[in-house]
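Engineer: Quick one: structure below, then a few questions.
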Amino acid sequence: MQPGKVLIDLVYPRRCPICREIVLPKGTYICEGCTQKVTLVKQPSCMKCGKPLAIMEQEYCYDCVRHSHHYKRGFAVYVYDDVMRQSLGDFKFRGKREYADFFAKEIVTRYGEEILAIKPDYLVPVPLHPAKLMARGYNQAEILARKIGEALKIPVIPNLLKRNRNTAPQKTLDDKERLKNLSRAFSFGGSDTFQKGNRKNIKIMLVDDIYTTGSTIEACTNVLNRQGITDVYFVTVSIGRGY
Ligand SMILES: [Zn+2]
Ligand SMILES: [Zn+2]
């Protein structure tokens, strides 16, 4: 961190990731009123992707019933609604990288034990395309991964996956095209880190800010699977509903 940045942090108090006002008392991350505005993912939730479900009798969400996902399991803290859309938008596109403190703390509080029980060897952020990284100045998923890793003492490998090119706008594509489009967008960047024969017992937990259709996480998982890394999990701040 640059010395100037430290000073700025001291002079400018922390802002609430939801209402953008100054958070009081000092040392807290979100103002009390705003804890009511966010929607936590609760039980019942999908046993595969973690999306909240409408009824207890269901084991898997509509999406996980229809498509096979190659990751083992996923965790997410908040339901992706308008409140989260704005907050994650600030975090990603409007320079509010400090929100990572709040989001990482929430992930660790909710799922720290479960993550530690899985014993991932490494946390791996979903990468940004270098041009986007340059424009934005940071990869929000990497900041999250580093903070979670610090708290849970799990090493982070930021470059295990690489993003190759800017993909066509995903919104205009159907599920199949989306995955095809994305599968070309990621590649393995860990050939130097891991010898080929050594990859079988490695457990990876992917980290991202949001899981919606799951196609990004699936594409990353497929890249790792092809490299012989078969134990892939994910954790995200936010997730769509499973119904
Ligand atoms: Zn607030
Ligand atoms: Zn699911």
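The values are calculated or read from the model by the stated rules, or taken from the named source; none is laboratory data. These numbers come from a predicted model, not from an experiment. In this analysis, Cβ positions are derived from the backbone assuming ideal geometry, glycine residues included, and neighbour counts consider all displayed protein chains.
Engineer: Based on what the data block shows, is Lys119 out of contact with any helix residue (DSSP H, G or I) (no Cβ under 9 Å at 6 or more places or on another chain), basic (Lys, Arg) and without any contact (Cβ under 8 Å) to a residue 12 or more places away in the chain?
Structural biologist: No, not satisfied.
Engineer: Further question: Could we say that Gly89 is away from ligand 1 (no atom under 16 Å from the Cβ) and at negative phi here?
Structural biologist: In short, no.
Engineer: For the range 1-31: of the residues being near ligand 1 (Cβ under 8 Å from one of its atoms) and under 20 Å from Thr109 (Cα atoms), which is modelled with the lowest pLDDT?
Structural biologist: Only one residue tops the list, namely Val23.
Engineer: When you scan the range 109-125, how many residues do you find that are farther than 12 Å from Tyr233 by Cα and β-branched (Val, Ile, Thr)?
Structural biologist: 1
Engineer: Let me ask something additional. Within the range 15-24, is there a residue that is farther than 23 Å from Ile217 by Cβ, without any contact (Cβ under 8 Å) to a residue 12 or more places away in the chain, outside any loop (DSSP other than H, G, I, E, B) and not assigned by TED's automatic domain parsing to the domain that holds Gly95?
Structural biologist: Yes, the range 15-24 contains a residue that is farther than 23 Å from Ile217 by Cβ, without any contact (Cβ under 8 Å) to a residue 12 or more places away in the chain, outside any loop (DSSP other than H, G, I, E, B) and not assigned by TED's automatic domain parsing to the domain that holds Gly95.
Engineer: What about Arg85, is it among the basic types (Lys, Arg) and more than 17 Å from the chain's Cα centre (by Cα)?
Structural biologist: So Arg85 does not fit the description; no.
Engineer: Wholly within the range 50-125, which helices (runs of 4 or more DSSP H) include no fewer than the required count, namely at least 2 residues that are at pLDDT 95 or above and farther than 21 Å from Lys37 by Cα?
Structural biologist: 99-118
Okay, residues lined up against (1) closer than 24 Å to Ile204 by Cβ; (2) buried (at least 21 other Cβ atoms within 10 Å of the Cβ):
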position	(1), (2)
Ala54	no, no
Glu57	no, no
Tyr78	yes, yes
Phe102	no, yes
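Engineer: Counting only residues that are of a type in the set (Gly, Ala, Ser) and away from ligand 2 (no atom under 11 Å from the Cβ), which one in the range 21-67 is farthest from Thr212 (Cα to Cα)? Let's see the steps before the verdict.
Structural biologist: Just the residues of the range 21-67 that are of a type in the set (Gly, Ala, Ser), to begin with: 27, 33, 45, 50, 54.
Then drop every residue that is not away from ligand 2 (no atom under 11 Å from the Cβ), which leaves 27, 33, 54.
Values: Gly27: 31, Gly33: 27, Ala54: 17 Å.
Restricting to residues being of a type in the set (Gly, Ala, Ser) and away from ligand 2 (no atom under 11 Å from the Cβ), the top hit is Gly27.
Engineer: Next up: The conditions are (1) more than 16 Å from ligand 1 (Cβ to nearest atom); (2) closer than 27 Å to Ser183 by Cβ; (3) without any contact (Cβ under 8 Å) to a residue 40 or more places away in the chain, and Lys72 fails exactly one of them. Which is it?
Structural biologist: (3)
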